[in-house]
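What follows is one structure encoded as structure tokens, with my remarks underneath.
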Amino acid sequence: MPRYALITGASSGIGLALAEALARRGHALILLARKRDALESIASELTQRFGVDVLYRVCDLSEPLHITGLLHELEQSEKIIDLLVNCAGMGTSGPFLSTDWSREQHLIELNVLALTRLCHALGEHMAQQGGGQILNVASIAAFQPIPLMSSYAASKAYVLHFSEGLREELKSRGVFVSVLCPGPTRTGFFRKAGMQTASMEKGKAMMSAEEVALIAMRGLAKRKAIIHCGWRNRLITLIPRFLPRLLIRKVTARIGRTLASH
Ligand SMILES: NC(=O)c1ccc[n+]([C@@H]2O[C@H](COP(=O)([O-])OP(=O)(O)OC[C@H]3O[C@@H](n4cnc5c(N)ncnc54)[C@H](OP(=O)(O)O)[C@@H]3O)[C@@H](O)[C@H]2O)c1
């Protein structure tokens, strides 16, 4: 019986690149996102190119009932999932009090609640099946607060801390949790979050989703706890450890202003 990797956010960006990297390595996949057309064409392309079984499920992860339906369907199908990739995520930017509440709520439901629920359900499934791996996608934004992106940075800090804690809890049950911390990556993420990327595009700050996926594959193979994406991004995550928090907030407020300026 094939073992599947379930990838959320597989319809574009980093999730799509992770799906391709896993298919290339012979993994059967279940792709998950909201856009049916995108999932359908990605699934058939990956099956054709790599000869692996690629299924897809349309699911809005901000809707608890959709997740209930998905989990029920997975249970009924008796498929074995040995890798869960929680990649679906979104950002918001701008003054918190001026952002639409429904977007803030959506962010927490997607970045925090859905990810946690899938770890809860599939972590147990993996432990009962004799083991597996979970890859949660956080960000370098997880390592410090970022004014004007406050809820996004906080949601990724949650993902980082939750993943590290869970790793220690699940190790003894054969489930290895890793957390991927990309820096700025060329995807549709910034546009959807209403953020400006001009300042990052000038330098070499941005990576491609394919580069991030390759780094993730190496990290997963080594069962790394925290997977950093390149030395620049690693350095950025280290700086807050050595600076007073007041100074960190001042620096990140500037970054937030640059990203959120319309
Ligand atoms: N790009 C960066 O610079 C960067 C840096 C660090 C971390 N990250 C993180 O990387 C992850 C992937 O982002 P990305 O850059 O690849 O952006 P992206 O291209 O916008 O991908 C987001 C993915 O999430 C899915 N998604 C969004 N809302 C959803 C919902 N309610 N239910 C189910 N799926 C949903 C989208 O698919 P549908 O629209 O089809 O649902 C899409 O597949 C996110 O967690 C993000 O925070 C990104």
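The values are calculated or read from the model by the stated rules, or taken from the named source; none is laboratory data. The model shown is predicted, which means the values in this text are computed figures rather than measured ones. Here Cβ is always computed from backbone atoms with ideal geometry, including for glycine, and neighbour counts include all displayed protein chains. Surface accessibility is based on the protein's heavy atoms, side chains included, excluding ligands, DNA and RNA. Shrake-Rupley method; radii C 1.70, N 1.55, O 1.52, S 1.80 Å.
Assorted remarks:
- Condition check for Gln129: within 22 Å of Lys222 (Cα to Cα), open to solvent by 10 Å² or more (accessible area, probe 1.4 Å) and not charged (D, E, K, R): yes
- Criterion (of a type outside the set (Phe, Trp, Tyr) and near the ligand (Cβ under 10 Å from one of its atoms)) met by exactly one of Arg173, Arg186: Arg186
- Whenever a residue of the range 15-38 is farther than 24 Å from Ser139 by Cβ and open to solvent by 10 Å² or more (accessible area, probe 1.4 Å), its partners that are within 10 Å of the ligand (Cβ to nearest atom) and not in a helix (DSSP H, G or I), lying with C-beta atoms within less than 6 angstrom and at least six residues away or across chains, give the pairs Arg36/Val58.
- The set of residues in the range 205-226 that are surrounded by fewer than 19 Cβ atoms within 10 Å (Cβ to Cβ) and away from the ligand (no atom under 14 Å from the Cβ) comprises Leu214, Met217, Arg218, Ala221, Lys222, Arg223, Lys224, Ala225.
- Some residue of the range 48-61 being within 11 Å of the ligand (Cβ to nearest atom), basic (Lys, Arg) and open to solvent by 30 Å² or more (accessible area, probe 1.4 Å): yes
- Cβ-Cβ under 9 Å pairs, at least 6 apart or on other chains, the range 162-184 side of a type in the set (S, T, N, Q), far side open to solvent by less than 10 Å² (accessible area, probe 1.4 Å) and assigned to a loop (DSSP other than H, G, I, E, B): Ser163/Ala138
- Residue that is more than 12 Å from the ligand (Cβ to nearest atom), of a type in the set (Ser, Thr, Tyr) and assigned to a helix (DSSP H, G or I), where the choices are Ser163, Ser178: Ser163
- For the range 114-152, filtering for residues that are of a type outside the set (Val, Ile, Thr), in a loop (DSSP other than H, G, I, E, B) and more than 16 Å from the chain's Cα centre (by Cα) leaves 8.
- Top-ranked residue of the range 72-94 - restricted to ones that are in a loop (DSSP other than H, G, I, E, B) and within 17 Å of the chain's Cα centre (by Cα), ranked as farthest from the ligand (Cβ to nearest atom): Thr92
- Taking the criterion of being under 24 Å from Ser261 (Cα atoms) and among the β-branched types (Val, Ile, Thr), the residues of the range 145-204 that qualify are Ile146, Thr185, Thr187, Thr197.
- Annotation: Asn136 fulfils all but one of (1) within 21 Å of Arg3 (Cβ to Cβ); (2) open to solvent by 40 Å² or more (accessible area, probe 1.4 Å); (3) within 14 Å of the ligand (Cβ to nearest atom); the unmet one is (2).
- Screening the range 189-199 for residues that are in a helix (DSSP H, G or I) and buried (at least 18 other Cβ atoms within 10 Å of the Cβ) and picking the one that is nearest to the ligand (Cβ to nearest atom) gives Phe189.
- For the range 15-71, filtering for residues that are among the polar types (S, T, N, Q) and in contact with a helix residue (DSSP H, G or I) (Cβ under 6 Å, 6 or more places away or on another chain) leaves 1.
- If you filter the range 95-112 down to residues that are hydrophobic (A, V, I, L, M, F, W, C), surrounded by fewer than 18 Cβ atoms within 10 Å (Cβ to Cβ) and under 22 Å from Leu160 (Cβ atoms), you find that the one that is nearest to the ligand (Cβ to nearest atom) is Ile108.
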